[in-house]
1. Check whether at least one residue in segment 720-733 is among the aliphatic types (A, V, I, L, M), over 20 Å from S644 (Cβ atoms) and within 26 Å of the chain's Cα centre (by Cα), and report yes or no.
2. Just wondering, is there one or more residues in segment 686-694 that are modelled with pLDDT of 95 or more and assigned to a strand (DSSP E or B)?
3. Counting only residues that are crowded, with 24+ Cβ neighbours inside 10 Å and in a strand (DSSP E or B), how many does segment 72-105 have?
4. Filter segment 385-397 down to the residues that are outside any loop (DSSP other than H, G, I, E, B) and in contact with a Pro (Cβ under 8 Å, 6 or more places away or on another chain), then identify the one that is nearest to I86 (Cα to Cα).
5. Taking the residues in segment 1-50 that are assigned to a loop (DSSP other than H, G, I, E, B) and more than 30 Å from V663 (Cβ to Cβ) as candidates, determine which candidate is modelled with the lowest pLDDT.
6. List the strands (runs of 3 or more DSSP E) inside segment 697-747, counting only whole elements, that have at least 1 residues being aromatic (F, W, Y) and in contact (Cβ under 8 Å) with a residue 60 or more places away in the chain.
7. Can you tell me which of (1) surrounded by fewer than 21 Cβ atoms within 10 Å (Cβ to Cβ); (2) of a type outside the set (F, W, Y); (3) within 19 Å of P709 (Cβ to Cβ); (4) in contact (Cβ under 8 Å) with a residue 40 or more places away in the chain is the one A681 doesn't meet?
Amino acid sequence: METALVCSTRKGCGIFMKKKEKNYDKKTEKEIEKLLKKLTLDEKISMIHGATLFKSGAVNRLGIPEIVTSDGPMGVRAEFMDDRWIPLDNKDDMVSYLPSNSALASSWNPDLAYAIGHVLGEEARGRGKDVILAPGINIKRDPRCGRNFEYMSEDPKLTAAMAVPFIKGVQENDVAACVKHFAANVQETDRLMVDEEIDDRTLYELYLPAFKAAVQEGNVYSVMGAYNKINGTHCCENKKLLDFILRMEWGFDGAVISDWGGVHKTKEAAQCSMDLEMSVFPDFEEYYLAKPLKDAIAKGEVSEDMVDAKVRNLLRMMLRLKMIGNRKDTRKAGAYNTIAHREAALHTARESMVLLKNENHTLPLDAKKIKKLVVIGANAAKLHSDGGGSAEIKALYEICPLAGLKMYLGGNTRVEYVKGYYVPENPKTFEQNWQAASLDDLKDTNVGQVVKAQDGNESEGLRKTEEERLARIEKEQEEIHEKNQKLFAQAVEAAKDADAVIFVGGLNHNIDSEGFDRIDMKLPYEQDILIEELLKVRKDTILTFVGGSPVEMPWRDKARAILWSYYAGMETGNAFAEIIFGEVNPSAKLAETFPARYEDCATAKNGQFGTWGKIRLEEGLYCGYRHFDRQHIAPPVCFGHGLSYTQFEYSALTLKAEKGKNVKLTFTVKNTGKRAGAEIAQVYIAPIAPKEDRPDKELKTFTKVFLTPGRSKKISLLLKQEDFAYFDVQLHDFIADAGDYEILVGASCEDIRLRGIATLV
């Protein structure tokens, strides 16, 4: 099928990088200037740095309150002491534990992103917060990144499509979303000092689009600067990122907040668009934008006008949030732990679990035929809400898979639980969380001095801490192996005489966590050995996993059914049971590639991940499925893959040129099975004979359609001119070249069902 999309000459197509004009509200700006004139220098400086670990300074005489922030990737965090990383022993700060961003993205459902954003915003406001530090929208560059579970996808288009409604859902509750971490926060190793060498094309095409969408489509009120350096400069002091790209090119007029400890130099932070410095240390007046800044102003090194610019951005955010002035009386009150919030969490959990394999219709199980169910695996009974670094949640409740299965089946079915494999105890406690421990480590190893160092040298202290962690892991392997001998035997024996066997394994927040990266992509605790033994005695063992990142599956060909769940929140167990027994038809699809082995990844091949000091993103654009396409490596589970208990047929693709040099595509999706279900139709663009190096194909749009058996729906989607474009470094603009482009419509990046040709002339 062919269509023509009329476009001007190559150079004339460079129209996408025009400066975004700020659309200031005159009344708001007048109010800002009125307040600014009344503020003293000391008062202005107090507003632009932390006065406690989670609050900025207030100016009470002018009715300017503190800005109250909270971590929030998976729910509003518990209350902490003002000057110590110790949670308060409150009984009223338990909240809804929400699905992780990786789980949310697997739904491919922007409506759910909006719903979860709304829950998070409403709960944050109900807890008295002004800024919730979410969502995390960094690209998943490497499957070993410890923080991947907080992020959405390896693909910028999918990330942007989910982030924008999430932000809108948060901010309609008079709470600012704070998108993070700007930009290219792709590893936790040496995260305070690592210097990432990234070319402009990779930056603009892969690592920035979701942030741009957050600003221009989501109208996000705040952005968090990342820890890392890009091309030699820390992100929180990076004028190219914060001034040129964020402010000038994108027109951002909200507040930029540093990651906690992300500022390293006074003059540099003062002279760029870094508005609010936060950190992990309680010496608040010694922050770089506190007393050192006042001293720099006194010496004439920094202009007070730069302070004024920061205060303006903060006041603008506060006015939008109705924190000051006459608007305070109309600010929403919020609420938390409502029934509606639990329902949103349950609905999202249902749509987030990915059925990876289902040979011979092994799933769903028939509950009526099961008198004895054996559940094997530590993750069946594991609660995950209290881990992961700053993603930890003081959950109102969390239903684990084992509880979900028991509650679903009731008393007429015997459910036997066997731990299966040994997991060493996490040395952390609630009273001494990871940040408190980290702070102690800093003091013990003089890393605190490194964090505040002006020369940006690597931290030998952090290296030592990492070496100690790896040594502890190695030592634990002997203990794990010894205890697993007995546990494996118990599991295999229990599996022999059951009506059905469900294995629940995967990862946990000892492995998926802020602060460090995974050592490999393998299942920990010798799970692969146990799985092989179980499949020998029970070929029909249902293999299910909970985790935040891909794992190697060497036994995949032997398994009949595999179900993957990211950290799906408080209702995990209920959703898990409903899918296992067919009350809910799975509809999720992977938002990232699951390689057969880590060695197949681009970062493994170039060795530029998890190293100290400096890394080069040598793979450039070829991250995730783009890499596997280019290298002709077929992963066992590709990007966009996910099965259903029904089947879908695609047909009747048409392409039509639209005004504005866009392409409208229509096609039909039909449910040809016997169960109601949902299909995620994905549209990729593949340039034919491109003039410049381009990925073989790239996701450009998608839709999720719900259909009853036998019903069909005609889908209409729009491909915009910018969807055909790439970033031209010389022109500093996006270019859509004339030529032929293959339009690919499918159920995954590999399962392409329909093809057509669009010609740009």
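The values are calculated or read from the model by the stated rules, or taken from the named source; none is laboratory data. Worth saying up front: this structure is predicted, and the values here are computed from it rather than measured. Glycine also receives a Cβ, built like all others from the backbone with ideal geometry; neighbour counts cover every protein chain displayed.
1. Taking segment 720-733 and keeping what is among the aliphatic types (A, V, I, L, M), we get 725, 729, 731.
If we keep only those that are over 20 Å from S644 (Cβ atoms) as well, we get 725, 729, 731.
Cutting the leftovers down to within 26 Å of the chain's Cα centre (by Cα) gives us 725.
Yes: segment 720-733 contains one or more residues that are among the aliphatic types (A, V, I, L, M), over 20 Å from S644 (Cβ atoms) and within 26 Å of the chain's Cα centre (by Cα).
2. Among the residues of segment 686-694, at least one is modelled with pLDDT of 95 or more and assigned to a strand (DSSP E or B), which makes the answer yes.
3. Looking only at segment 72-105, we keep the residues that are crowded, with 24+ Cβ neighbours inside 10 Å, and these are 72-77, 95-105.
Those left that are additionally in a strand (DSSP E or B): 95.
So the answer is 1.
4. Applying the first criterion (outside any loop (DSSP other than H, G, I, E, B)) to segment 385-397 yields 389-391, 395.
After this cut, where a residue has to be in contact with a Pro (Cβ under 8 Å, 6 or more places away or on another chain) as well, the list is 390-391.
On the way: S390: 13, A391: 15 Å.
Looking at residues that are outside any loop (DSSP other than H, G, I, E, B) and in contact with a Pro (Cβ under 8 Å, 6 or more places away or on another chain), I get S390.
5. That would be K22.
6. Details: elements: 698-707, 712-719, 726-728, 733-735, 739-746.
Counting at least 1 such residues, we get 698-707, 726-728, 733-735.
7. (1)
Residue-wise test of (1) assigned by TED's automatic domain parsing to the domain that holds N360; (2) farther than 29 Å from R630 by Cβ; (3) buried (at least 20 other Cβ atoms within 10 Å of the Cβ).
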{"residue": "T672", "(1), (2), (3)": "no, yes, no"}
{"residue": "A676", "(1), (2), (3)": "no, yes, no"}
{"residue": "A686", "(1), (2), (3)": "no, no, no"}
{"residue": "E698", "(1), (2), (3)": "no, no, yes"}
{"residue": "G746", "(1), (2), (3)": "no, no, no"}
